[in-house]
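The values are calculated or read from the model by the stated rules, or taken from the named source; none is laboratory data. Keep in mind that this is a model prediction, so the values were computed, not measured. Here Cβ is always computed from backbone atoms with ideal geometry, including for glycine, and neighbour counts include all displayed protein chains. SASA here: full protein model, heavy atoms, side chains in, ligands and nucleic acids out. Shrake-Rupley method; radii C 1.70, N 1.55, O 1.52, S 1.80 Å.
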Amino acid sequence: MASSSSSINMIPHTKYDVFLSFRGKDVRHNFISHLNAALCRKKIVTFNDDKLNRGDEISPSLSSAIEGSKISIVIFSKGYASSRWCLNELVKILESKNKYGQIVVPVFYLVDPSDVRNQTGTFGDSFSKLEERFKEKMV
């Protein structure tokens, strides 16, 4: 059998089946609570970020949770792109996908997938808001 020259490594230490990435303000008390409950009923271990402190940088514990998950489900919602925290999470998730072969499943919650891809519509508006906040901090 031919050997593969892939640069994908094994996930370091799998602690969670699923890591949920979402903008809490948009979906925490409706979509996410139902999704998490359904996954837990099926004995799927999910990462719960309720006790994490929010900040500009991803904490080592959150980074470890992302790397230690078999699957990441990214819930793109109207406000997802306006959150620096969410975008930092997304970067870490994509790094884990590339490095460990982590499965990434996008969910488009009340946004059109083409708006996410092209950064238009309400999703694009969220990017614009984040960009404005960056400009204000740089002045």
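Taking all protein chains as they are arranged and a probe of 1.4 Å, the heavy atoms of Lys70 leave approximately 100 Å² accessible to solvent.
With 0.36 nm allotted per residue and the present C-alpha distance subtracted, the Lys97-Thr122 stretch has 6.3 nm of extension available.
Annotation for Leu87 and Phe31: the two label points, set 7 Å from Cα along the Cα-Cβ direction, are 1.9 nm apart. Counting only protein heavy atoms and a 1.4 Å probe, the stretch 16-138 has 57 square angstrom of accessible area per residue. Using C-alpha pairs below 8 Å separated by at least 6 residues, the relative contact order for the stretch 16-138 is 29 percent.
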